[in-house]
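Computed from the coordinates by the stated procedures, all read-outs in this text should not be read as laboratory data. Because the structure is predicted, anything quoted here is derived from the model rather than measured. Every residue, glycine among them, receives a Cβ derived from its backbone with ideal geometry; neighbour counts consider all protein chains shown.
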Amino acid sequence: MKIKALHMAALAASAACLLLGGCSSLGAKSWDRDLMARRSMQPVTHPLIAGADDHIYFSKEGASGGRSFDGGGCGCN
Amino acid sequence: MQLRKRKGRLTTALGLMTAGLFAGAGVHAQQASHNINDDTSTDAGLTRVDTAVLFYQEAGGRVKATEPVASFTLNDDSGDVLHVKLTADTLTGATPNGAAPWTHDQTFITPSKTQGQKTTVTSASGNSTLVTIPGTDVTARQYTVPANTLPVDSGFQDQRYAIDLGYTGTRDNGDRLSVGGSYSSERDYSSMSANVGYARDFNDKNTTASVALNFESDTSKPFFGTPDPLTQMSGTLKGGNRQKTVLDLVAGVSQVMNRYWLMQVNYSLGDTSGYQTDPYRIISVVDGEGGAPVRYLYESRPGSRLRQSLYIGNKLALWGTVADVSARLYHDSWGINAETLEVAERIPLTSFLYVEPSYRYYHQTKANFFRDYLIDGQALPENASSDSRLGSFDASTIGLKLGMRVRGNDELYLRAASYQQTGTSHPSYAVGDLKQENLFTGVKATSVILGYSFAFY
Amino acid sequence: MTEAACEPERLPEQLDDGFVYRFGAMHSPCELRIEPDDPRLAEQAGRAVAAEALRIETTYSRYRPDSVIGRINAAAGKPVRVDDETSSLIDFADQAWRLSGGRFDITSGVLRRIWRFDGSDNVPSRADIASLRPLIGWGKVRWQAGEITLGEGQEIDFGGFGKEYAVDCAVNRLRTFTDRACLVNFGGDLRVTGPRRDGQRWRVGIEDTDRPGEMAGRLELNDGALTTSGDTRRFLLRDGIRYSHILDPRTARPVTDPPRSVTVAAPTCIEAGFISTLAMLHGRRAETFLKQEGIASWCVR
C-alpha cells in the first residue's frame, strides 16, 4: 500500500484542522479533568522505556519519528 | 504562659477533627496518592531521577547490547524544567556483513585494526585471521563464513556515550519555549544536535499546539576510513571521514476529546543530506546463472533522504484501565512506506501494582535501491544495499510491563519484550542455488528494561 | 504565574545559633529556623518546607482555574469529584462550620467583592450586602461521597486555614527526615517542634498593634503552634467607626467590637488559626470565649 507524499500531507493537514477547528466543542470541563490529571494518562508515562524503544526501532527498521524526533545520534541508521 | 489542663468542649472537638485531618492524609507530598492507579500528583518543585538499564539480545549470536541510562528532571516553582539525560551503550556480537549466504564457505577480507605491524606472522583474533596482503606490508583481517549460513562479522564491539540536555521555560501566559541539545560519541561515530520548540494551550487547556525544530550533524569515522561506493571489498585503508546533516520539523496538536480520551496528532518532516551509507557493509555480486558469489562490493545509499510521518496517538481511561492506541504512517524519498500500529493496556492489580501488556505491528516496503544481491555483468546501479532494515518485512512485538509503587510517587518498573521481523526468505526471483538459501536477514530479539524512578526536593 | 512564587534557590543563612531559610509564598514572608549539625540538612529542610508551601498554594489557589479550588468554583452547579487530601480538608471545613455555629464558613469569600479593607471609607451599601447574602452559606453546599456540589453562584476558598494547614504539612514533612527541633513560620502563623538545642525555648515577638513593625512583647515556646488574628493593617474607617476586616458570614458584615489582636497557642497551627479567628468573631466576648475554652492566649484591646 503506497501512500503518496502529497496524500500524507493532506491527511495531516485535515486531521489538524479537524482538531483545531472542531476544538471548541471538544474537551472536558475543568471539573471533569480528574482522569486526565492522572499520571497514567500522560502521553509518555515512561520516558526511558520510550527512549530505548525509539533507539531499537530506529536501528532495526527503516521508519523513524512519530511522537518526537527520531532517535539519531548513533551510527546505527 | 502555660496550657491549662481543662480543655473546653470546642477545643476537644477541634483536636479530634485535626487528628482526623492528618491521620488519613499522612504526609501528602510524599504520599500524593495511596493508589498508583489514580495518582494525580505533579512533579512541581520536585527533582525527579529516573534510572534504567536495557538488556537487548538478538537471536543467532547477533547483536547484544547493555544500555544504562539516567535522567534528571529539575522542576522549579514557575513551571520551568531542566532535563539532563546520560546514556552509555555497550554493543557486542555479530552483525550481518551484507553478503548473501551460499552453498559453500565464503571468505571475506577487511582492514585490520592492528595496522602498522610490519610482520608476516599471522595470529588469530576471534574467528578471524590476520593476513598480510601480498605485495604490500598491509595487515588485513580475513574471516570465513560456513556454507548455508548468514554471513556475519563477529568481534564487533562498540561503546557509546551520550548526553542530552533540555530546558523548558514557561512564560506568564502559559506558553512554553524549549531549547535543547545533545552529543553522542562512539569510537567510529559522533553526533551533535540542537533543537527548539514552542507549545501553547487553547480552549481552557483542552488543546495544545506545538512545533519543534531539530538540527543534527553527524560524523562517520570508521577506523579504516570510508570506502568509495560500490568498489571492491579489500583489506587496504580507505578514504577519510564523512558527514551528514539532518533537519527535522515536528508539528502537533494534542486534544482532550472528552473526560476519558486524549488524542494527539503529530506530523513530521525530515531532511537528511550527506553520507548515509554503512561503511562496513558489502553486497554480493553473483553469477546470473548459478548464483555463486563473484565478488563483494561496498554498498552505497543516496546522499539525500526526505522523510515524512503522520502519527496519531490516543490514551483512553475506560473501565478502570488505561488504553494506549496509536498508529503511524511513514513515507520517505528512498521509497520506504511503513505502517505501525501499537496497543497497550494498563491494568491495575492492586493499589500499588499494575501490569501493562502491549502489542506492536509494523510493516514496511523496501527502499527502491534495496537488493538482496547484484548480478554480475549487469550495469551497476547508482545505489545498492542489502541491509534488511531497508528491505520489505513485517515485525511484531509482544511486550509486558510491570510497575510497582514503592514510596510516594516512586516506581520500580520492568518491561520485557519479544521482537520478531519476518520477510521473504526465498523470493521467487532468486537465481540458481540461491533459491535454496534463506535470503531474509531480519532480526529476532528480546529486550528487558529494569528501571527505578524517584522524586525528591 | 503572577502571584507570589517561591524565590529562586536560596541558601540558608547562618546565624549565631542555627540557620534560617527564607522564601516567599502565599503572599507572605516565610521562614524555617533549624539548628542542625550539617548545613546541608538546613538546605534540604528549607527546600522541603518551601516545596510544601508551594504545593499547597498551587493546589488550593483560588486564582488558578486549574487548581482544585478553581475547578470547584468553575463547576457552576455540577458535582466535582475531589482527591483524598481535598476531601479531608472539606471534611474539616464542614465540621468547623458546625462547631463554630456557622461563624467559620468557607463559602464566605465572595464578600471580598464588596468589602475591601484598604483604610478608606468605602463601606458597602445594604443593597450590595443583600445581593451577596444568598451566595453565602455552607449549608447550601452538597458534600457527599467525595463529591462537592456548590449552590448557585457560590464559591469556596481555603484562605481561612490554608496557610496554617501549610505550616502543619511542612512540619509533618520535616519530621519524616529529621527529628531536629525547628520553627516554621509562614507570615506570622508558626509552629515549633521541640525545644532548641541548648534546651532553651524559641522566642517569638508579638507585633505592637498601634506601631506596626515594633514589638509589644515576646512569647517563648517549646512546642506547638502560634497564630495571631488582628486588624492591624486592614480596616475601614467611616464616621469614626473602625470596621475590622474579620467578617461574620452570618451577617455578611464585620464583627462588632473585636479585640485589636488575638494570639493563640495550640498543638497544631490549624487549630490555633481556627481558634484565633473564632475568638475575633466573638467580638466583645472574645476574652470570655477563650477563657471558657481554657486556651492559652493573649488579647489586645
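Brief remarks on what is shown
- Among the residues of B:309-318, the average count of other protein chain beta-carbon atoms within 10 Å of the residue beta-carbon is 5.
- Stokes-Einstein D in µm²/s, Kirkwood radius over Cα pairs - the range C:28-144 at 20 °C with 1.002 mPa s viscosity: 122
- Coupling constants for the range C:139-148 follow from the phi torsions by the Karplus curve (6.51 cos²θ - 1.76 cosθ + 1.60, θ = phi - 60°), and in residue order they are x, 8, 8, 9, 10, 7, 6, x, 10, 10 Hz; glycine and proline get x.
- Subtracting the Cα-Cα distance of B:Y183 and B:N203 from 0.36 nm times their residue separation leaves 3.4 nm of extension gain.
- Based on DSSP H segments of at least four residues, each scored -39500 (n - 2.57), the protein assembly as shown has a per-residue ellipticity at 222 nm of -5000 deg cm²/dmol.
- Rg/Rh for chain B (Cα atoms only, Rh after Kirkwood) is 1.08.
- Shape of the protein assembly as shown, Cα gyration tensor, a/c cut at 1.5: prolate
- Counts of other chain beta carbons within 10 angstrom of each beta carbon in peptide B:182-191 average 3.
- Values of log10 I(q)/I(0) for chain C across q = 0.10, 0.15 Å⁻¹ run -0.58, -1.28, by the Debye formula with one identical scatterer at each alpha carbon and no solvent.
- Across the range C:262-297, the residues whose backbone nitrogen lies under 17 Å from the label position 7 Å along the beta-carbon direction of C:R242 are C:262-263, C:280-287.
- Using the Cβ-Cβ distance between B:V431 and A:A50 with R0 = 51 Å, the FRET efficiency computed as 1/(1 + (r/R0)^6) comes to roughly 0.75.
- Shape descriptor for the range B:343-406: Rg over Rh equals 1.38 (Cα atoms; Rh from the Kirkwood inverse mean 1/r).
- Peptide ranges B:348-356, B:387-395 listed from the most packed, as the mean C-beta count within 10 angstrom indicates: B:387-395, B:348-356
- Kyte-Doolittle mean at least 0.0, axial Cα span of 15 Å or more - DSSP H helices of chain C: C:269-281
- Residues whose amide H comes within less than 5 Å of that of B:E299, counting only those at least five positions distant or on another chain, are B:L230, B:R281, B:I282, B:I283 (H built at 1.01 Å from N in the peptide plane).
- Using θ = phi - 60° and Karplus 6.51 cos²θ - 1.76 cosθ + 1.60, couplings along the range C:64-81 (whole Hz; Gly, Pro as x): 9, x, 9, 7, 4, 5, x, 5, 5, 6, 8, 5, 6, x, 8, x, 10, 7
- Hz values of 3J(HN,Hα) by residue in the range B:366-381 - Karplus curve (6.51, -1.76, 1.60), Gly and Pro given as x: 7, 5, 5, 10, 6, 9, 5, 6, 10, 9, 5, x, 7, 4, 5, x
- For B:326-339, mean number of other protein chain Cβ atoms within 10 Å: 4
- For chain B, share of DSSP beta bridges that run antiparallel, in % to the nearest 5: 100
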